[in-house]
1. Give me a count of the residues in segment 81-98 that are surrounded by fewer than 18 Cβ atoms within 10 Å (Cβ to Cβ) and either under 15 Å from R47 (Cα atoms) or aliphatic (A, V, I, L, M) (or both).
2. Can you pull out every residue in segment 29-59 that is assigned to a helix (DSSP H, G or I) and of a type in the set (G, A, S)?
3. Check S158 against each of (1) in contact (Cβ under 8 Å) with a residue 40 or more places away in the chain; (2) surrounded by fewer than 14 Cβ atoms within 10 Å (Cβ to Cβ); (3) under 23 Å from the mean Cα position of the chain (by Cα); (4) away from the ligand (no atom under 14 Å from the Cβ) and name the one condition it does not meet.
4. For segment 31-54, enumerate the residues that are surrounded by fewer than 16 Cβ atoms within 10 Å (Cβ to Cβ) and more than 16 Å from the chain's Cα centre (by Cα).
5. Residues that are surrounded by 18 or more Cβ atoms within 10 Å (Cβ to Cβ), at pLDDT 90 or above and under 29 Å from S312 (Cα atoms): does segment 163-170 have at least one?
6. Report the residue count in segment 157-176 for those that are small (G, A, S) and part of a loop (DSSP other than H, G, I, E, B).
7. Which residues, taken from segment 70-92, are more than 10 Å from the ligand (Cβ to nearest atom), more than 15 Å from Y25 (Cβ to Cβ) and hydroxyl-bearing (S, T, Y)?
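The values are calculated or read from the model by the stated rules, or taken from the named source; none is laboratory data. The structure displayed is predicted, hence computed values, not measured ones. FYI the Cβ positions are ideal-geometry reconstructions off the backbone, even for glycines, and counts take in every protein chain you see.
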Amino acid sequence: MDRIYDLAIIGAGPAGISMAVEARYADIPAEGIIIFEKGSQHSWAIRVHYAPDKLVTENYKGYDVVPEGALGIKTLTKDESIAYLERAVSEYGIQINYSEAASSIKKVAGGAFEIRTERGVYIAGNCAIAIGILEKPNKPDYPLPRSLKPRIHHDIQSHILNDSDFLVVGGGDTAFERAAQLCGEGKNVTLSNRGSNFHRMCDENRQALQELERAGKVIVQRDSNIAKVENASGKPRVTFAEDEFGTKIFDHLIYCLGGSTPVEFLKSAGIEINKDMPVMGDGYETNVPGLFLLGDLSAGLKGGSVNWAFNSSHAAIRRITDKIISRIIETAEPRVNSDLSNHPE
Ligand SMILES: Cc1cc2nc3c(=O)[nH]c(=O)nc-3n(C[C@H](O)[C@H](O)[C@H](O)COP(=O)(O)OP(=O)(O)OC[C@H]3O[C@@H](n4cnc5c(N)ncnc54)[C@H](O)[C@@H]3O)c2cc1C
């Protein structure tokens, strides 16, 4: 441990990177900021979970989030979004320790934070957790045979594209994007959604899905519930609860059921959790003073977006600077205005 950082940030996605940029705007020197990133590159979740030709929409899930801070995007391609974040990292001289996951965060004597990684122990005055929710994808409530692990996924890895029959499960934008990507690859795609309408999808995706369906490129099973998944000679055999959908065998199942807050990790840092969600105050500060949650972790059940992540960092840095200013005011010596004190009664 060489130095005490002003700010440690866990995770180098849109939230973590924008927090570092906001800190630079608030005159925190680059040497005072450190980011720990589990992946070997920043924006790891975007690189892994977004389809190659995906458009990163500014109003994801239909939420119109107007950028309030230093960073903000209009609709960009995946590569442009990564390049935008890359530029922010290099222009602001942000130090990212790659392939270094944070394993624990705790408050130590003097009010600072001790961050442990597999490579060392670091101390920082403030700490922001920006690890997103994609590390912990939601799972279905029926059992999945272990033996089918190579056939059950949450994203599309290139090796599975050698096969042809895919079932995508989910009703949100991610489900649409996975289905559209597979259609683009000329695969047989079935999309199973528990609901009858795709109200969690943005309008553009809902329309695009209807077009794919009309063109016969995707079979859309509305109001379909999976009753069980079994191993049929190494492939998933899916039995739907509804007779009309029956039982079908696929090469691969792709679950797009969203992600969840890494509650245990947050609890271990002393963060209060209420009904599986972290409790936050102004600027997404938790009950542990100086410990912030950003990006998807700050967005609650409605889920986050890139611009949301940027705005959460702006709010957090405002909270940090407000606290510094009020501490300076509280501890300042009362000033004696010599002109006034000498003024005759
Ligand atoms: C398929 C898909 C499509 C989407 N499309 C859009 C869109 O079009 N427009 C839009 O605005 N939003 C979109 N989103 C949402 C958007 O990607 C997220 O809201 C945004 O990435 C959240 O940023 P974040 O920094 O909070 O988390 P993430 O982007 O998830 O980044 C978290 C980072 O933390 C790292 N990390 C995790 N654990 C640790 C650890 N213990 N230590 C260190 N590092 C760690 C991860 O490797 C990752 O780099 C989409 C999401 C998905 C899944």
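1. Looking only at that region, the number is 3.
2. Correct list: A30, G32, A45.
3. Only one criterion is unmet by S158, namely (1).
4. Passing the criteria: E31, S40, P52, D53.
5. yes
6. Taking segment 157-176 first, the residues small (G, A, S) are 158, 164, 170-172, 175.
Right, trim to part of a loop (DSSP other than H, G, I, E, B) and you get 164, 170-172.
Number satisfying all stated conditions: 4.
7. Correct list: T77, Y84, S90.
Okay, residues lined up against (1) surrounded by 22 or more Cβ atoms within 10 Å (Cβ to Cβ); (2) over 19 Å from L71 (Cα atoms); (3) within 14 Å of the ligand (Cβ to nearest atom):
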{"site": "G283", "(1), (2), (3)": "no, no, no"}
{"site": "N287", "(1), (2), (3)": "no, yes, no"}
{"site": "L294", "(1), (2), (3)": "yes, no, yes"}
{"site": "G300", "(1), (2), (3)": "no, yes, yes"}
{"site": "N307", "(1), (2), (3)": "yes, no, yes"}
{"site": "F310", "(1), (2), (3)": "yes, no, yes"}
{"site": "S313", "(1), (2), (3)": "yes, no, yes"}
{"site": "D322", "(1), (2), (3)": "no, yes, no"}
